[in-house]
Structure formats: C-alpha cells, structure tokens
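Here the structure comes first, spelled out in structure tokens, and everything after it is commentary.
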Amino acid sequence: MIRLRQLLDKVKHRLLFIPILGVLIAIGTAQAMLVIDAALGDQTLPELLLTTVDSGRAILSAIAGGLIASVTLLLSMMLVAIQLASSQFSPRTVRNWIGDRTQQIAIAVVLGTTVYCLLILRETRTFEEGEALTPHLSVIVAVVLGILSLIAVVRSVDHLTNRLRVGSVASGIMAETVAIIGRDERLAPVENPTMTPSAVPTGSEQQTDPPSNAFAIEAPSPGWVQQIHMKTIINSTPEGSTVYVTAAVGSFTFPDAPVAWVWPRPDDEELCSSGVLSGFAFGDGRTMQQDIGFGVLQMVDIALRALSPGVNDPNTANDLIVHLGVTMLALWERPIAPHVRDEDGRKVVRFDLEHAEYLHAAFDPIRLYGAADPSVAGTMLRTLAALHTETRRRELAGPLGPIEEVIDQILDAVDKSDLSDYDKATVRHLVPAELTSATAN
C-alpha cells in the first residue's frame, strides 16, 4: 500500500504523465473516427457535415499549426511560473506547480488535439476501393477539439495568474497541510477533549531507548522518510515484540542507519527486516502525504524570504503567519496519540513531534527575523493570542503552555530589538492583559 501511495505521488508530480495519456487517447480517437468515416461514406451524412479533402486539409492544418504554438506557450508559462515560485516563494513549492492538475490537463488537451489533427490530416490522402477517404466527421470532431483547446489555454492562463498570488499559494499549502492533519493516524480525535494533550508521556509511557541487544532495522539508502505505515510495520514483527520506530516522517536517514528496532530479536531477522522496511517510504525529497512539518516549512520559507533585506515585504510575511495560525489551530483540535501503545499483541514506541515542536518550528524562525518589525511581531502575537483564546473557549486538545511560551519569547525579542519605546508599547498592547500576566508568571 505504501509503495502504491509513493508511486501515485510521483506520478502526480510528473509533468509528462497526463499529457502522454492525452496523446494516447487522441491516437485511439483518431483511429476510431477514421473507421467511422470510412463506414459511413458521403451518402449517409447530412450536407451540413460534408466537406472536401482540400477544405478538410486546410482546417486540420490550421488547427494543428496554431495548437503547436499554444503548447509552446503553455510550457513557457509553466517554466516562468516555476522560476518565479522558486525565487519569490520557495524552491520547496516547485512540486506543487509541476503537479498542478489544471496545467497538466490543459497541456494534455492541446497536445492531444494536435496529434489528432496530424493523424487525420495524414489519412486525407489515402484511398480505399479506388475512392479518396474524406474524413467528414473527423474534421467536425477536430473543430470541436480545437475550440476546447482554446478554452483550455485561456483557462490555463487565468488559473496560472491566480495561483501566482501570495494568498493563493499560502491557502493551497495550508489546505494541504490541514488535510494531512485530518488523516494522520497519530492524531486521533476524541469525543470529549481536554486541554491536556494525550501526547504527553507520563509514567510508563516515557520514551526510552531501545535495549542494547535489540535488532536494528537499517535504512537501505540515504534519503528522507516520506511515509510510515504503522500497520505494515506491526504485522512484520513477531507477536509479543516491542517495535521502536526511531525515524519520524520528515527526517533524513543516513545509509545503514537504524530507522527502527525490534526487541526481542526475531528468529528470522532478514524476513523481519524486509517486512518492516516495506512500511517505510524513502525518497530524495520531502512530500505532502504524511509530512505535516513539510507544509509548515514551506509557509515559513515564504515568510522568511519576504522578510529578507532584498525583498523587504512584511505584508507577505503577515499573510503567511495567519495561515500558519490556522494550521496550528487544526493541529490543536486533535490530540497526538500516546508514544507507547499496545496494538495486535505488540508494543509500539514512536518518537514523533508534539504540538509544541510544531509550534516552535512555525514561529521561531519568523521571530528571529521579524521581531524588529512592529507589523510582523504584532501579527504573530495576535495570531497566537487567537489560538490561545480558541483553545480555552473550545477546550481543544492542544496544550496552552507552548503558546504562552512562544508569546513570551516574541515579547522578549521585541524588547531587545531597536524599535522605539512607542512601537514596543504598541506591540505589547496587542496581547490581552490576562495572557500577558500568564506569560509573565
């Protein structure tokens, strides 16, 4: 299952897959239409649908020639968009642009129509039973496909220009990250959540290192951990075993470095190792299938680039900060599952990030570079104060302590900055009094 998901993710983010599929459909359609035209003949068609070989060739040549130029235009626009996204937003967002379904479908429609017209054009000179084959219906279909291709080109331009907006980029990354949070097996929803997260290990649930004589499951090659399928890992270990999954989604593994440990040592170590490794997906980059931190990292990257001296665009940073706040709110709605749990007669120990670590990953880098800007510092404080308020009002599962800690760190950074006393006081007034007193304590 995890290999299938990894393959589907690669296919989704390959530019050629859907266009090639469109070409194959066009080839099949062209052959089918030629057979239909040969079977119908001139006598069974209305006069409105009839054409001549010369007029058909002219129409097909015009459509094919114009659409070849359109394909070049679409590919050029996509390359320019990828270049802008890489330089203006973040190189890590390039996968999203290449995997854009609207662009891929538009290229497929235009390329497929071009191939269809060329194939029909080639057959206008063929003869069957001594008479020329005039593709009457094939030309009508070509005209319809040509119109659809022009609509696809216009739609592609409109879609691309809309996606270049900062708000659109931020909303897309945020929505995808929130979707990962919603389907993450570690973030189990509860009917009556409290403000104490279930992810906090206490007593026997404290994280421990695997025993010294445990069996190490080593990574086959260096790369990023893209996915972990716990059911596969559990089913690959003997009953009564304890599995220590030390590699987390989004972490980088060195070759032959342990990603999991099994204790006691299994009788068939090779079978156990191959089974456990089949529950991991490794790759040369992080993906948005299970990696919540990668979505957070992309938004932080864009915010930091906006705060760089060469760009100096705090409003873009503010846009990303509020989207990070929405992402954190979605995370705070769900408790992280206990690090130690029993499942199918086996004990599983996972070493995963908790609420506080995601929160610091989202706001600490922006605090380091944005605390000297009153608007950026103010946006961070307002966002965190709203997260704190919603956590208390709705009794969400996420903890309040890390929010208060990050607010205190931002206020401390603002006090140590070169801002005027007026700006510092203005920023402090953005935090509710009860929250200020809580952070002070």
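One table, with the values for the structure above:
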| item | result |
| --- | --- |
| Flag for T246 being closer than 20 Å to F351 by Cα, free of Cβ contacts under 8 Å to residues at least 40 places away in the same chain and surrounded by 15 or more Cβ atoms within 10 Å (Cβ to Cβ) | no |
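One line per residue, one yes/no per condition, for (1) outside any helix (DSSP H, G or I); (2) under 30 Å from I234 (Cβ atoms); (3) over 24 Å from the mean Cα position of the chain (by Cα); (4) at pLDDT below 95:
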residue	(1), (2), (3), (4)
V326	no, no, no, no
K347	yes, yes, yes, yes
L353	yes, yes, no, yes
A372	yes, no, yes, yes
S375	no, no, yes, yes
T391	no, no, yes, yes
P399	yes, yes, yes, yes
E405	no, no, yes, yes
D412	no, no, yes, yes
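The values are calculated or read from the model by the stated rules, or taken from the named source; none is laboratory data. The structure displayed is predicted, hence computed values, not measured ones. For neighbour counting, all protein chains shown are included, and Cβ atoms are generated from backbone atoms with ideal geometry for every residue, glycine included.
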